[in-house]
Amino acid sequence: MMPNVLQYPICIFGALRAGYTVVNVNPLYTPRELEHQLRDSGAEAIVILENFAATLEQVLASTPVRHVVLAALGDMLGLKGAIVNFVVRHVKKMVPAYSLPSAIRFNVALGQGAQHELKPAEIGPDDIAFLQYTGGTTGVAKGAMLLHRNIIANLEQVSAWFKPYLGEESIVVIAPLPLYHIFALTANCLTFMKLGGCNVLITNPRDIPGFVKELAKHKFNAITGVNTLFNGLLNNPDFAKLDFSHLRFAIGGGMAVQQAVAERWKKVTGKVLVEGYGLTETSPVATANPLDLPEWNGSIGLPVPSTEIAIKGDDGSLRPLGEVGEICIRGPQVMKGYWQRPEDTAKSIDAEGFFATGDIGYMDEKGYVRIVDRKKDMVLVSGFNVYPNEVENVVAMHPRVLECAVIGVPDEKSGEVVKLFVVKKDPALTEADVRKHCEQHLTGYKRPRFIEFRDELPKTNVGKILRRALREEEIAKGKRAA
């Protein structure tokens, strides 16, 4: 449970080498979200940055966790680390008070481990390497069982895709996306390490001016990111002043790359912003565009090696080229299933082994896949899945809320943001009351950007709230405004 610091890959590789299963945790989780993931996974040990220890303290007693290792930002920085830790703790006061008396310090744990002889663990291809949490195609967060063979397959697939463009020299890759997200986990932490690359970990990519200053220090060859991140960099005046002569490729994933951003990126850097596609359940890469693409093409690319893409109708029948249906994926990188959720697994992976993505799209005559819509009501905020059910359940916990509904609305910066509709139980309920409640129970990207109070919500004849009708109203409003 850490941002992008060197302690993170050390823990990942250590846990895997010891034969353990890694459960990546978003460090910005609220206590409620953290407790769910720790309890559901059955995790018995956690390595956590001390900045977030206060959150763990609130739920630790109700989880299976028995071992806590506390890391500090400066732990791997030598003598400079002591200064960094002092500033973080006492000057910037970024470490809230906590009490975890049984915890052990990260560097102490490393020191104790160094005194022991390595005993290789028996690890097989069908052992679980990662329980990577996702909302899947529906519902609350659940763990995708990514086996060692799934991960190794995807590393080989992506390596084969990259190798023709790499040459002999090692590459420097900028890694701003969090390593707890499947995109950066596989692309940066694993693939580029496998290929001999050097990852430059960006701890706080939201600090765009600081990010740009860090970029100026490196002759970087590649950068991974999401559309909102590239957009943020392009809107910083100092970014265009950087030296892009060493840049070979930029890879966008996690959410759709917008045409305007892709065009500006090429104008500023001279390189095409190449888009790929995948999901947590596919380890994640399923399709990618060639890295020597002459122009951004609006597609998510071609299937990577050993991967089959099927476009299926609601009845499971195959759709011909050019016709729209649900994008389904079969290949060695597809997960075993959802942890302790056989029914969800059966709904997602059919008898032929195809994983149903929930994304609607088509394949053109050249084999390129294009996404046109999403099958489910999931909202995609800066590449992160937000599920209306979860947000609605949290809002409905407020004693003065009668009914609520959540949809996604377009946003220039993050692709989409959450809009919440509320019917009051108590007329005195305010927007500030709702926001305060959401801040206590939802991490930042899941919180509603817009809140609208209504006297009633549209429903079916059996009383089910019609999110579709709310979305159509927002689209109509947007057209009138235009």
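Remark: the ALA160-ALA61 segment gains 31.1 nm on full extension, using 0.36 nm per residue and subtracting the alpha carbon distance.
Remark: relative contact order (region 390-441) = 36 percent; criterion is Cα-Cα distance under 8 angstrom and separation of 6 or more residues. For region 1-134, the convex hull drawn through the C-alpha positions has a volume of 119 cubic angstrom per residue.
Of the Cα atoms belonging to region 226-289, the radius of gyration and Dmax stand at 12.5, 39 Å. If you wrap the tightest convex hull around every Cα atom of region 30-94 and split its volume per residue, you get 81 Å³.
Spin-label model, ASN235 to ALA114: label points 7 Å out along the Cα-to-beta-carbon direction sit 4.5 nm apart.
Bin by bin, in steps of 5 Å, what percent of the Cα pairs in region 135-204 do you find, going until the bin that has the longest distance? Distribution as computed: 3, 15, 22, 22, 17, 12, 6, 2, 1, 0 percent. The share of Cα pairs per 10 Å bin across region 255-303, counted from zero up to the longest distance, runs 28, 51, 20, 2 percent.
Evaluated at q = 0.11, 0.20 Å⁻¹, a Debye calculation over the C-alpha positions of region 174-327 (equal weights, vacuum) places log10 I(q)/I(0) at -0.46, -1.35. In the chain, the DSSP beta bridges split such that about 65 percent are antiparallel, to the nearest 5.
What does the convex hull of the alpha-carbon atoms of the chain project to on average, in nm²?
Working: hull surface 102.5 nm².
Computed as one quarter of the Cα hull surface, the answer is 25.6 nm².
Relative contact order (percent) for region 405-482, with alpha-carbon contacts under 8 angstrom and 6 or more residues of separation?
Numbers: 82 pairs, mean separation 25.3, N = 78.
It comes to 32 percent, rounded to a whole number.
Can you tell me the relative contact order of the chain? Whole percent, Cα pairs under 8 Å, sequence separation 6 or more.
Details: 918 pairs, mean separation 54.9, N = 482.
Value for the chain: 11 percent.
With all pairs of different C-alpha atoms in the average, the Kirkwood value for the hydrodynamic radius of region 370-482 is 14.7 Å.
Ordering 423-432, 18-27, 3-12 by mean Cβ neighbour count within 10 Å, with the highest value first, yields 3-12, 18-27, 423-432. As a size descriptor, the averaged projected area of the C-alpha convex hull of region 253-375 was calculated at 8.0 nm².
In terms of overall dimensions, the C-alpha atoms belonging to region 96-242 reach 49, 47, 42 Å along their principal axes, ordered largest to smallest.
Protein-only accessible surface at a 1.4 angstrom probe places the residues LEU321, LEU195, LEU38 in the order LEU321, LEU195, LEU38, largest first. When you work out D = kT/(6 pi eta Rh) for region 373-430 at 20 °C and 1.002 mPa s, using the Kirkwood radius from C-alpha pairs as Rh and the Stokes-Einstein form, the result is 175 µm²/s. Debye sum, Cα scatterers, region 72-181, no solvent: what log₁₀ I/I(0) at q = 0.11, 0.15, 0.20, 0.24 1/Å? Normalising to I(0) and taking log10 leaves -0.74, -1.22, -1.19, -1.23. For the pairs LYS375/LYS413; LYS424/LYS477; LYS266/LYS419, flag any whose C-alpha to C-alpha distance is greater than 26 Å. LYS266/LYS419, as the Cα separations exceed 26 Å there.
Please compute one quarter of the surface area of the Cα convex hull for region 422-482 and express it in square nanometres. All intermediate terms of the calculation are to be shown ahead of the outcome.
Values: hull surface 23.2 nm².
It is 5.8 nm².
Spin-label pair ASP455-CYS198: with each label point 7 Å from Cα along the Cα-Cβ axis, the two points sit 6.6 nm from one another.
For a 30 Å ceiling on Cα separation, which of these pairs sit above it: LYS241/LYS446; LYS142/LYS464; LYS219/LYS336?
LYS241/LYS446; LYS219/LYS336
The values are calculated or read from the model by the stated rules, or taken from the named source; none is laboratory data. Because the structure is a prediction, the values reported are computed rather than measured. Quick reminder, even Gly has a Cβ in these numbers, built from the backbone with ideal geometry, and neighbours come from all protein chains shown. Ligands, DNA and RNA are stripped out before the accessible areas are found, and what is left, the full protein with its side chains, is counted by its heavy atoms. Shrake-Rupley method; radii C 1.70, N 1.55, O 1.52, S 1.80 Å.
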